[in-house]
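Peer 1: Sharing a structure with you now.
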Amino acid sequence: MEVVGTFWNPNIHPLSEYEARKAAVGELAHHLELRLIGNDAYGLKDFLREVVFREQVRCSICVHMRLLETAKRAKSGGFQGFTTTMLSSTYMNHENIRHTGEAIAQELGVPFIYRDFREGWKRGLEVTRALGLYRQRYCGCIYSESER
């Protein structure tokens with residue numbers, strides 16, 4: 001299976017955090033010789049338009065936004081499926097990701113590839129530390145930043 005990456009995280013605040021994460025993805029892609037596709041424009045306004053006054057379900061909205069964009073990129077690129085690095089997180093709700101990914105797959109006709117990548121979390125941590133890559137301290141949104 002050929003893996004192609006994309007970076008689109010409209011939830012990340014502030015802009016400096018977004019830029020640090022985007023740079024880390026670029027560095028990792030370079031190290032892994034991973035091709036990146038798609039527009040990585042800062043989409044905070046879109047995220048806020050979706051979650052304001054619905055903060056209690058913001059995580060589900062965010063997951064949906066991110067997976068929908070990923071699936072659209074997979075479909076337009078002619079890829080055989082899509083998945084997400086969110087599945088490597090020990091903090092994310094896997095059932096929500098899986099359910100959302102499968103619903104989007106049905107809607108767009110691009111298979112969602114679900115794998116529980118959490119078993120590789122520790123190895124990923126070791127690799128990113130060895131490369132000196134930026135590591136995030138919160139999910140990225142303004143709400144989680146204030147909660148931490």
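The values are calculated or read from the model by the stated rules, or taken from the named source; none is laboratory data. Keep in mind that this is a model prediction, so the values were computed, not measured. Cβ: placed from backbone, ideal geometry, glycine included. Neighbour counts: every protein chain shown.
Peer 1: Among the residues of the stretch 32-52 satisfying the criterion of being at pLDDT below 95 and exposed (fewer than 13 other Cβ atoms within 10 Å of the Cβ), which is farthest from residue 142 (Cα to Cα)?
Peer 2: It comes out as 32.
Peer 1: In this structure, is residue 65 free of Cβ contacts under 8 Å to residues at least 24 places away in the same chain, closer than 18 Å to residue 13 by Cβ, surrounded by 17 or more Cβ atoms within 10 Å (Cβ to Cβ) and hydrophobic (A, V, I, L, M, F, W, C)?
Peer 2: No; evaluated as a whole, the condition is false for this residue.
Peer 1: Find the residue count for the stretch 109-120, including only residues that are exposed (fewer than 13 other Cβ atoms within 10 Å of the Cβ) and under 16 Å from residue 85 (Cα atoms).
Peer 2: 3
Peer 1: Same structure again: Residue 19: out of contact with any helix residue (DSSP H, G or I) (no Cβ under 7 Å at 6 or more places or on another chain), acidic (Asp, Glu) and either within 14 Å of residue 144 (Cα to Cα) or surrounded by fewer than 16 Cβ atoms within 10 Å (Cβ to Cβ) (or both), yes or no?
Peer 2: So residue 19 fits the description; yes.
Peer 1: Considering only residues that are part of a helix (DSSP H, G or I), of a type in the set (A, V, I, L, M, F, W, C) and within 18 Å of residue 110 (Cβ to Cβ), which ones fall in the stretch 23-76?
Peer 2: Answer for the stretch 23-76, where residues must be part of a helix (DSSP H, G or I), of a type in the set (A, V, I, L, M, F, W, C) and within 18 Å of residue 110 (Cβ to Cβ): 63, 65, 67, 68, 71, 74.
Peer 1: Select from the stretch 95-134 the residues that are in contact (Cβ under 8 Å) with a residue 40 or more places away in the chain and not in a helix (DSSP H, G or I) and list them in ascending order.
Peer 2: 112, 133, 134
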